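The values are calculated or read from the model by the stated rules, or taken from the named source; none is laboratory data. Everything numeric in this text was worked out from a predicted model, so none of it was measured. Heads up, the Cβs are rebuilt from the backbone with ideal geometry, glycines too, and the neighbour counts pull from every protein chain shown. Each accessible area value is taken on the protein alone, full model and side chains, heavy atoms only, with ligands, DNA and RNA left out. Shrake-Rupley method; radii C 1.70, N 1.55, O 1.52, S 1.80 Å.
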Amino acid sequence: KIRIWVLCRCSTTSEGGRLPATAEQRDTRKPLPSPNTSSETPPSLSATDAAKRGNPDAEESEADGGAAAMDYHNKLVLAPMVRVGTLPFRLLAAGYGADITYGEEIIDHKMIKCERRLNEFLGTTDFVEKGTSNVVFRTCHEERNRVVFQMGTSDAMRALTAAQIVCKDVAAIDINMGCPKSFSISGGMGAALLSKPELIHDILTTLRRNLDTTVTCKIRLLTSSQATVELARRIEKTGVSAVAVHGRRVKDRPRDPAKWNEIADVVASLSIPVIANGDVFEYKDFGRMKNATRASSIMVARGALWNASIFSAKGKLPWDDIKREYVRKSILWDNDIKSTKQTLKEMIIHHSCLEFAEGKAVIKSETNEDLAQFIKSYHMGYLTFGLSVFKWMMEVIVVAHDFVYLDEETFSLMEFNFIMFLGYSYSLQVKMGGFPMHLRYVDLQRLVSSASCMYYVYNAEIIRAKYIKE
């Protein structure tokens, strides 16, 4: 524990004789993928990072030895989003390449009313409001080294109390200082803190002095670039490990372009990592923003909400696939139905229309079972085709048993595929009204494809064997 504490302190302290990095030193940081990069592995990743991306267990093994200080250099980051950044969506984004995933903002008042519970059924750690079954925050071991707990607060001691409840189960604690929503500002939280530098200092220094966990914050641009830089310098002196900067002012709307040049001013003035946020909608935008701002890492919000595969260097997947995978994860992790519906509605509004059939189906959904029915028709299409293939595969196996037209290896392979496919299809019929909780639909697609190919390859043998037998 002492060793871990020393490592955390050394990696996060910005005082004690540490000199700010020069412009040349900052320029030596490895760049994020450039707009023209076509490699499957982003060039921004070190060999270690690439290995971890290919083997998630590599990070999990580090967690077994205790918490490690967060690395904020050359990372692709999922931004905090209210009612979106719950466990299923965080895992979805991580599966496509997100290195760091922020949870939705949780208010300190709500968190201090929670107790920590181990959910053995789901394999999660839940923070549940005392006296109720209301899960305020849910996480799991798989995301231990990348999940950031973001908190809304306006009081240093209350923030510390809330952070102490959850800090052992997350990689970092982040203070929201940029939310422009009225519910946040009215409570003195979010963007309201931007005009209270003394309170910001109090909150951040209190957390830094009393927690071994990494502490960061997320801000917005102030009325001028100079004012933003001055605030960022004051934040750096508190000893936080990084600061995220949203390239819009409080009065700006999402349609207003993000001011990447003002984020660059902040980056040039600080020695700690800066995470740039704003107007990332394609994978190539990570590289563009990196080059424009020289930020250590890049954060994306709406671009990930609309299609979580934005983090993949291979390119985006069809949004229908992402939507169904999100529903599957929401059911698997027993996500709050309100959160799931809100996320789905945001996806549909961007790509389609809520007035269409699928939009109305989401709005009417009241339970996870309803959501299962929402994707049932898609999976049942594969099931119907698969069952028709079964008939032919059965004939292949039966006929081949009597006639030596197939070698033993091919026969065994066909028999194995048939049995496995039959078992999966049965689970489709009996689980969740046609939806298998344990089976990814992409696996089903592969099985159907395999069975279909076998039918076409051996169709001639079926006809020939039947003719000889008759």
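Some notes on this structure:
- Computed FRET value (nearest 0.05) for residue 370 with residue 227, which takes r as the C-beta separation and R₀ as 51 Å: 0.55
- Using R0 = 51 Å, the C-beta based FRET efficiency linking residue 363 and residue 205 works out to 0.65.
- Accessible-area value, residue 155, 1.4 Å probe, nucleic acids and ligands omitted, Å²: 60
- Between residue 122 and residue 256, the contour length at 0.36 nm per residue exceeds the Cα-Cα span by 44.1 nm.
- Filtered GluC sites (Glu not before Pro), segment 127-158: DSSP coil and at most 14 other beta carbons within 10 Å: none
- Were the residues from residue 234 through residue 182 laid out at 0.36 nm apart, the gain over their Cα-Cα distance would be 16.2 nm.
- 353, 179, reordered so the largest accessible area comes first (probe 1.4 Å): 353, 179
- Charge context of residue 122, other residues only, Cβ under 10 angstrom, K/R +1, D/E -1: -2
- Carbon + sulfur, % of accessible area of segment 104-171 - ligands and nucleic acids excluded, 1.4 Å: 49
- Ranking 118, 221 from most to least accessible surface, computed with a 1.4 Å probe over the protein chains only, gives 118, 221.
- Sorting 290-299, 157-166 by average packing, meaning the other beta carbons within 10 Å per residue, from highest down gives 290-299, 157-166.
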